[in-house]
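Everything on this sheet refers to the single structure shown next.
Derivation of every value follows stated rules applied to the coordinates shown; laboratory data play no part. Bear in mind that the values here come from a model prediction, so they are computed numbers and not experimental data. Counting neighbours? That spans all protein chains shown, and the Cβs are built from the backbone with ideal geometry, glycine included.
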Amino acid sequence: MAKVLVVEDEHSHAEVLTMLFILEGFEVTVAANGKDALDQLNRVRPDLIVSDYMMPLMNGGEMAKMVRAAPLHATVPIVMTSATDPQQVEQYSEHYDAFVRKPYLWDDLFAIIKRLLAPPLDV
Amino acid sequence: MLAPFTSHVPEVPVALQRLPTGIAGVDEILQGGLLKAGVYLLKGAPGAGKTVLANQICFHHVAAGGKAGYVTMLAEQHARMLEHMAEFSFYRAEAVPSSVYYVSAFTALRERGLSGVTELLAAEMRSRKVDLLVLDGLLTAAESASSLKDLKLFVSELQVYSALMGCTVLLLQSVAAEDPLSPEQTMVDGVFRLRHELAGSRVERSLQVVKFRGSATIDGLHAMQINGDGITVFPRLEAARVAEVEHVINGVAISTGVPGFDSLNQAGGYPAASVTALSGPSGSGKTLLGLHFVGQATSHEPALLFGFYESPAVLVKIAASFALDLEALCKQKTLKIIWQPYGLLGLDDLAYRLLSAVEKTRCKRLFIDGLGGFLSVRAFEERGTPFLAALSNELRRLGTTTLFAVESDDPTGFAVPLAAHGITAMADNVVRLRLQDQKELTRRLVSMGKVRGSRLDLSMRELTLSDTGLLVVPDVGGAADLSQR
């Protein structure tokens, strides 16, 4: 079962995402902000991180930068989401794998997740 | 590392796309329909029409290729509701359950509370790819919530769910429409109030949009009806029809059909696409003037008679006694006579029936017999002047030349309703009819009160009745003297 770390300060959003990930067969952990996510990283060892950008204490961009710097988690795919202009998040673009602007449809988000988690093709 | 990719952003964000309700009046009020992925509250007392409205929207949505889910939190069975819905023409048995799916959340609510309902919604509706969801029984949910915080959380999660799934949600709540909005209700994207109340011996229904995020709406109370076709909503005419009338009076006149009458003004008849008030007491000749007018119908100038008093058969008979063959015109489809029940319909219902008939018949001659049919509606007292102004503008815009009879108790013809409701300001032209007693004889007199944009003969003329109907006597004789008395 793949493990996803949902980093989201908006409680309702985190709850619904959790429900939808569970329905897709994921094991879900929720962190309320970037700092909380880093605190849980070693314990959860996620296969995927879906993070909001604007959050208290530590934003999603800083969190992604720190994850990339942690040797154990440097390759974990990160999907950044935000209602802000993508240019605001651009400065962190080398630290995440995909950006999805809010409000987004679950189907669009999940299509990206499936691409990120798909095993590489043998050449 | 590969550059990150960005999700496809649709040209029109989901949040601004529309979901038409399929109810023309509602879609007009909302300027196109509900916003996709919005959460809307329909509130009203039992019997106000919430369930019918929600089901009608569902069946319209699935007819257009969507999928709808109808979830009740009540203990009652769906079978009974479906039995009632089957009576409406919008209901399609074959759409249930493949396209419209009915499910009860009663057990989930009882056993696991509101979070159980949210889970059920997410699982059931997602697997069925529902993009319109009705949740019937918000009051039940509110009563089951352990705290206001829980209830707000439930509504908040519904909003997130609807946004993530691109699913529009209708919440139905059985409370008096006038109840103030509670905190959780203020969180939704739109609130509709449905009312039904007694007006004399008849029930008047209305719909009001009290909140609608992301778009302007037509404000105020809009008349609503429920019949075999479901719900019909009539946007309040004076708020809905505000487009400027481009048509200008261009000097073209439409013959009155009464010998000697056309020469009373410079235009040579009623100016085309104008509105004329025929004012006078009972028996002064208003209806007959109107019958002459519609009796001139041709395939190029079709006519419509919109009446409240005499039935079409009686009108045809009256006209026939003056050699006006309306029956033949009806058979040729150059004339249509529509009768409306007096005092049974609302203002907007009448207006939209009239405008729809004008559009359908493309009539160039319209006779409304008479204004009393509108005056008898309770709301006229409050809305009369702006309502008539809007109606007149619409008729001008449609290019029809309109006569409407205005009843007056005043035998001198200075009709009270004309002054009381500002009708003279609304009408382009006024024809005054009066009755004058002279010894053993009662004479009919006519004068032009005004003709917009035309010079006119203000003198009073006598109207006489012959075997071929009315005619204006060229020589007024003693009529002018009589008018001075």
Problem set entry | Rounded, prolate or oblate (a/c below 1.5 giving rounded, otherwise prolate when a/b exceeds b/c) for chain A by Cα gyration tensor | rounded
Exercise. How big is region B:216-337 by the Kirkwood estimate over distinct Cα pairs, in Å?
Worked result: 17.4 Å
Exercise. What is the dipole size for chain B, taken about its Cα centre, with +1 at each Lys and Arg Cβ and -1 at each Asp and Glu Cβ, in debye to the nearest 20?
Worked result: 500 debye
Problem set entry | Cα-centre dipole for the protein assembly as shown with unit charges at Cβ (Lys and Arg positive, Asp and Glu negative), debye to 20 | 1120 debye
Seminar exercise, completed: Counting only DSSP loop positions in region B:228-281, the GluC sites (Glu not before Pro) whose Cβ has at most 13 other Cβ atoms within 10 Å are B:Glu244, B:Glu246
Exercise. Using the Cα gyration tensor of the protein assembly as shown, with a ≥ b ≥ c the square roots of its eigenvalues, what is the shape: rounded (a/c below 1.5), prolate (a/b larger than b/c) or oblate (neither)?
Worked result: prolate
Seminar exercise, completed: The lysines whose Cα lies under 18 Å from the Cα of B:Lys333, excluding any fewer than 8 residues away in the same chain, are B:Lys317, B:Lys360, B:Lys364
Exercise. Averaged across the residues of A:104-114, what count of C-beta atoms belonging to other chains lies within 10 Å of each residue's C-beta?
Worked result: 4
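Using the count of nearby Cβ atoms within 10 Å as a rough guide to exposure, how do B:Met448, A:Met63, A:Met1, B:Met224 rank from fewest to most?
The order, fewest Cβ neighbours first, is A:Met1, B:Met448, B:Met224, A:Met63.
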Seminar exercise, completed: Ranked on Cβ counts within 10 Å of their own Cβ, fewest leading, B:Phe367, B:Phe90, B:Phe59, A:Phe110 go A:Phe110, B:Phe90, B:Phe59, B:Phe367
Seminar exercise, completed: Listed by chain and number, the lysines with an alpha carbon less than 29 angstrom from that of A:Lys102, same-chain partners under 8 positions apart left out, are A:Lys3, A:Lys35, A:Lys65, A:Lys114, B:Lys36, B:Lys67, B:Lys129, B:Lys149, B:Lys152, B:Lys211
Exercise. What fraction of the Cα pairs in chain B, stated in percent, has a spacing above 44 angstrom?
Worked result: 32 percent
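Rank the residues B:Cys330, B:Cys167 as a footprinting-exposure proxy: fewest other Cβ atoms within 10 Å of their Cβ go first.
B:Cys330, B:Cys167
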For this session: Give me the net charge of A:Glu10's neighbourhood, meaning all other residues with Cβ under 11 Å from the Cβ of A:Glu10; Lys, Arg count +1, Asp, Glu -1.
Result: -4
Seminar exercise, completed: All alpha-carbon distances of region B:14-96, grouped into 5 Å bins from 0, give the whole-percent distribution 3, 12, 23, 27, 19, 12, 4, 0
For this session: For every helix of n ≥ 4 consecutive DSSP H residues, a contribution of -39,500 (n - 2.57) applies; sum these over chain B, divide by its total residues, and give [θ] at 222 nm rounded to the nearest 500 deg cm²/dmol.
Result: -9500 deg cm²/dmol
For this session: Per residue of region B:322-337, in order, report the coupling 6.51 cos²θ - 1.76 cosθ + 1.60 (Karplus, θ = phi - 60°) as ³J(HN,Hα) in whole Hz, putting x for Gly and Pro.
Result: 10, 6, 9, 8, 5, 4, 5, 5, 5, 5, 6, 6, 8, 10, 10, 10
Problem set entry | Bins of 10 Å from zero: percent of alpha-carbon pairs in region B:180-236 | 21, 44, 29, 6
